[in-house]
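Trainee: Before I ask anything, let me first share the structure, which is written out below as structure tokens.
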Amino acid sequence: MSTTGQVLSADAIAALVDAAREGRLPEEAPAPQRRRRMRAVDFTRPTKFTSDQERRFKRGLEAFCRTASTRLSAELRAPLELEVIDVTQLTWGNAHTQIPPASISAVVETRQIGTRMLLAAERGLALGAIELLLGGGDLAEVRERRLTDIDWALARHFYDRLVTQLSVVWTDLAELELGVTGLEMHLETAQVAPVSEPTLTLTMEARLNGVSYTLALLLPWSAIAPVAGRFASRDDAAVGRGEGDAESVRRAVGRVDMTVRAEVASVELPIEQVLALQAGDVLRLGSPADGGVTLYADKVPVHRAKPGRSGSRRAVQVTDRVGRRA
């Protein structure tokens, strides 16, 4: 007799028999139950946007930061530096709550497909830009105030300039143009997507004349869903190229200058034979006299041709493509 792989002695077996007669058998320990494997799921962080799309949007926004910094610094006559500091996926509701309070938001529309996204900036950035547009220079003295109609007009001008530079990036990414449809002071009214909509939040730091502010682009999935394929990687997009793309490539290289030469035939000789050539020597080319000539584009044979004249000039007439049988 054995328990758990161990052999019992005769005395141990006798003790078990006596215990059984008296009802004192030890209770068997319950078999351990297998614990269920549980995985935590954070529903506030969706994964609708692929990692490749995230990288493309981040690279595009970095390009926007460079160009917008240069253009707006010149217009405001003060240094403006924009830098991408974070890219994350959230639901629209959670992304919305992370916008700093008292921000001014621009509702941005994609003109070709009519979808919308949100560009939000801290109010201090807009007030600083307004002060500089009016000729001021000391942003440390800019205080919170109620915006007048002139302030709103200048704030709209500032956001228009930002979105114009962003539109250049969008055109390069997906051949889409962006435009501002309106400004919102209260975030409650700046709802452009359902609260559960997967949203890519691209957060930037704006340093205006040495003062730091937060600028965020909220991109809901619905804003790119109709044209999501355009935001795929360049390599993936190349797989599905059609005749239109091939024609574009032909037009792009069509104006490149190329040396074309006509060759009757050729022969290779050692250098000593070339040096020994004299007037009257005959070289056998190994090609029939009626075989015509070959047109070369640089060093590549492309056509067969017949020699002739065009007016007073020598010319050739193309008869066939090299490699194609007549």
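Trainee: For residue 120, all conditions in the list (1) closer than 23 Å to residue 66 by Cβ; (2) assigned to a helix (DSSP H, G or I); (3) small (Gly, Ala, Ser) hold save one; what is the number of the exception?
Mentor: Only one criterion in (1) closer than 23 Å to residue 66 by Cβ; (2) assigned to a helix (DSSP H, G or I); (3) small (Gly, Ala, Ser) is unmet by residue 120, namely (2).
Trainee: Which pairs do you get when a residue that is assigned by TED's automatic domain parsing to the domain that holds residue 78, found in the range 126-145, comes within reach of a residue that is at pLDDT 85 or above and β-branched (Val, Ile, Thr), reach meaning Cβ atoms under 8 angstrom, with the pair 6+ apart or on two chains?
Mentor: 126/104; 128/211; 139/211; 140/211
Trainee: Pairs under 9 Å by beta carbon, first residue at negative phi and of a type in the set (A, V, I, L, M, F, W, C) in the range 311-323, partner surrounded by 10 or more Cβ atoms within 10 Å (Cβ to Cβ) and in a loop (DSSP other than H, G, I, E, B), six or more apart or different chains?
Mentor: 316/292
Trainee: Take the conditions at pLDDT below 95, surrounded by fewer than 18 Cβ atoms within 10 Å (Cβ to Cβ) and more than 17 Å from residue 65 (Cα to Cα) and apply them to residue 172. Does it pass?
Mentor: no
Trainee: Here's a follow-up. Considering only helices (runs of 4 or more DSSP H) fully contained in the range 207-298, which possess at least 3 residues that are at pLDDT 80 or above?
Mentor: Fully inside the range 207-298 and qualifying: 271-276.
Trainee: Also, I was wondering about something else. Could you list all residues from the range 176-206 that are among the charged types (D, E, K, R), surrounded by fewer than 18 Cβ atoms within 10 Å (Cβ to Cβ) and at pLDDT 90 or above?
Mentor: Across the range 176-206, the qualifying residues are 177, 205.
The values are calculated or read from the model by the stated rules, or taken from the named source; none is laboratory data. Small disclaimer: the values here were computed from a predicted structure and weren't measured. Using ideal geometry, Cβ is built from the backbone for each residue, glycine included, and neighbour counts are taken over all protein chains shown.
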